[in-house]
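Scroll down for the structure; my scribbles are underneath it.
Derivation of every value follows stated rules applied to the coordinates shown; laboratory data play no part. The structure presented is a predicted model; accordingly, all values stated were derived computationally and were not measured. Backbone-built Cβ (ideal geometry, glycine too); neighbour counts: all protein chains shown.
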Amino acid sequence: VLSEAKVIEVNDCKSDQPVNMTYCFGQCGSSSKYSASANSMLQKCECCQVTSTTQRQVALKCSDGSRVDHTYTLATGCACSPSQCPTQTRRRRRR
């Protein structure tokens, strides 16, 4: 889980100060290798996905001077999960 400070903006309202926002980011394993039994390339793809979240509230100040409470979601856990690989194109070697 990584984090960055960002001002939250919703419509014409925004937080007075940057808010610490957490998110998932990472490199997960992917591969393409030849399988003799399948006579083709087998692909394995994984992507970094959120596994758990929590909610927090922040007060937003609007352009008309009013204040509103806004609930936002933070990532608290991430993991590599299997994902659909892009479709592969078949290329044949010229002889």
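Listed values, structure above:
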| quantity | calculated |
| --- | --- |
| The chain: relative contact order as a whole-number percent, Cα under 8 Å and 6+ apart | 27 |
| Packing rank of 10-21, 30-41, where each peptide gets the mean count of other beta carbons within 10 Å, highest leading | 10-21, 30-41 |
| Three-way shape call for the chain based on the alpha-carbon gyration tensor, with the a/c threshold at 1.5 | prolate |
| Positive minus negative residues near LYS61 (Lys, Arg vs Asp, Glu; Cβ under 13 Å) | -3 |
| Spatially proximal lysines relative to LYS61 (Cα-Cα < 29 Å; intrachain offsets below 8 disregarded) | LYS6, LYS14 |
